[in-house]
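See structure below.
Taken together, the values in this text are just the output of simple stated rules run on the coordinates, not laboratory data. Fair warning: this is a prediction, and the values are worked out from it, not measured in the lab. Note that we place each Cβ from the backbone using ideal geometry, even for glycine, and neighbour counts take in every protein chain shown.
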């Protein structure tokens with residue numbers, strides 16, 4: 001579960017391993033080097049565990065604190081003539097200007113559609129930009145761009161991948177995995193919120209939460225993504241619960257039975273007007289009155305059309 005926080009609580013200082021960062025030296029990513037780093041870190045940790053912990057015993061020492069991650073640089077650098085892969089090569093469907101904004105933590109949540117590979121065609125992008133400009137949604141998300149949570153999660157995942165790619169240039173595997181875990185917790189919280197609250201309210205929470213994290217990341221802190229902002233939750237989500245779901249079987253039966261029961265209340269019981277009669281009250285909910293004169297005998301007991309008290313009984 002994500003940890004609790006309040007709006008604007010993030011800061012750029014803190015102990016190592018808390019999600020804080022400093023500037024990297026390079027942005028180029030070598031896939032082979034990245035895998036080697038991961039394997040080396042795992043082997044070193046396993047060797048240390050074997051030398052310091054007797055067989056069959058549990059370790060009581062606390063886990064080592066990972067080094068703080070660096071702030072993502074605003075530069076996009078490729079190394080010609082080497083086997084490294086540049087950030088633009090990893091995300092060819094994203095404009096380099098957008099990658100620059102993500103690295104500088106100036107990317108707006110309303111621009112997440114630019115990270116959706118499904119609309120990477122230039123003509124589609126121009127049309128989408130025109131639509132958003134005419135709607136004037138500022139930094140808030142456009143329902144036309146993200147009508148459901150599924151439409152938002154795809155580009156949000158790409159956004160987090162771009163951040164991790166920039167941070168991977170000068171960070172340990174442990175640090176990258178920890179920051180990735182922060183991002184995963186946030187996406188999980190969005191899924192839970194969407195199940196409980198209206199999507200329009202979740203979008204407002206997301207937009208403001210995103211802007212708060214943007215400010216924190218500029219100070220080198222990424223741990224805020226793993227939190228739930230209770231101040232924003234109270235402001236945008238409380239009171240916006242989704243209506244209770246009704247099963248199709250129960251709703252169908254109630255829709256059919258209700259009109260029948262209401263119609264029966266205005267109907268005359270034909271069994272009551274026969275020699276065999278009908279038990280009182282009518283088990284079908286119909287009226288026990290004479291079908292000829294539509295009157296009842298006294299105030300408590302109705303008379304049937306076969307009763308001599310009915311003025312129309314002799315005519316039948």
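Things worth noting here:
- In this simple spin-label model, placing a label point 7 Å from the Cα along the Cα-to-Cβ direction at both residue 241 and residue 191 gives a separation of 2.3 nm.
- Separation in nanometres of the label points that stand 7 Å from Cα toward Cβ, at residue 177 and residue 150: 3.2 nm
- Residue order, fewest to most beta carbons within 10 Å, for 162, 98: 98, 162
- Among 195, 212, 117, a tally of other beta-carbon atoms within 10 Å of each Cβ gives an order, fewest to most, of 195, 117, 212.
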